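Accompanying notes for the structure given below.
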Amino acid sequence: NEKLTIARRFGATEIVNASETDPVDEVKTMTAGRGADYVIEAAGITHTFSPAIESVRQGGMVVLLGKTDVQREIPVRWGAMMGERVIVRSSYGGARPRRDFPLLVQTYLDGKLMLDELISQRIKLDQINEGFASMGQSDVIRSVIDLQS
């Protein structure tokens with residue numbers, strides 16, 4: 001899977017392909033039954049939130065970055081919320097755009113922030129519907145709309 005390969009290039013130390021194996025079982029196997037210290041859910045797919053919480057160890061931290069419909073209910077086993085697990089829901093975090101955006105742009109221009117590797121396709125504005133349709137494909141990470149062409 002292309003996304004898993006890219007995750008490794010970006011520094012992921014352990015990767016679980018949830019389409020091929022049960023992610024909770026796989027994490028428990030990797031950690032001798034303990035669970036992960038940190039789990040980051042970034043997909044925003046409703047069926048990935050619960051396994052993220054189930055996979056973290058007692059005292060570990062789950063960061064829910066993925067966005068989903070705010071009206072959608074996410075089933076979570078109550079016992080998975082116990083054990084002093086820290087569950088953080090991030091929505092843009094503590095960023096300050098006036099301060100942070102120039103810093104991020106400069107970091108990118110200095111070659112220290114890999115963004116180009118995240119762009120899977122560039123589309124024209126009149127291809128926007130196809131671009132949205134492709135978002136669910138496993139080989140598409142991010143699309144960029146080219147307004148110049």
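The values are calculated or read from the model by the stated rules, or taken from the named source; none is laboratory data. Small disclaimer: the values here were computed from a predicted structure and weren't measured. Neighbour counts are summed over all protein chains in view; Cβ atoms, including those assigned to glycine, are modelled from backbone coordinates with ideal geometry.
Things to note:
- Answer from 88, 16, 105 - the residue that is in a strand (DSSP E or B) and either of a type in the set (A, V, I, L, M) or more than 23 Å from residue 3 (Cβ to Cβ) (or both): 88
- Residue check, residue 114 touching a residue at least 12 places away in the same chain (Cβ under 8 Å), closer than 24 Å to residue 9 by Cα and hydrophobic (A, V, I, L, M, F, W, C): yes
- Scanning the range 81-88 finds one or more residues that are farther than 22 Å from residue 136 by Cα, among the basic types (Lys, Arg) and at pLDDT below 85.
- Pairs, first without any contact (Cβ under 8 Å) to a residue 24 or more places away in the chain in the range 36-65, second outside any strand (DSSP E or B), C-beta under 6 Å, six or more apart: 43/66
- The residue list 140, 76 contains one member that is at pLDDT below 85, of a type in the set (A, V, I, L, M, F, W, C), under 24 Å from residue 45 (Cα atoms) and surrounded by 10 or more Cβ atoms within 10 Å (Cβ to Cβ), which is 140.
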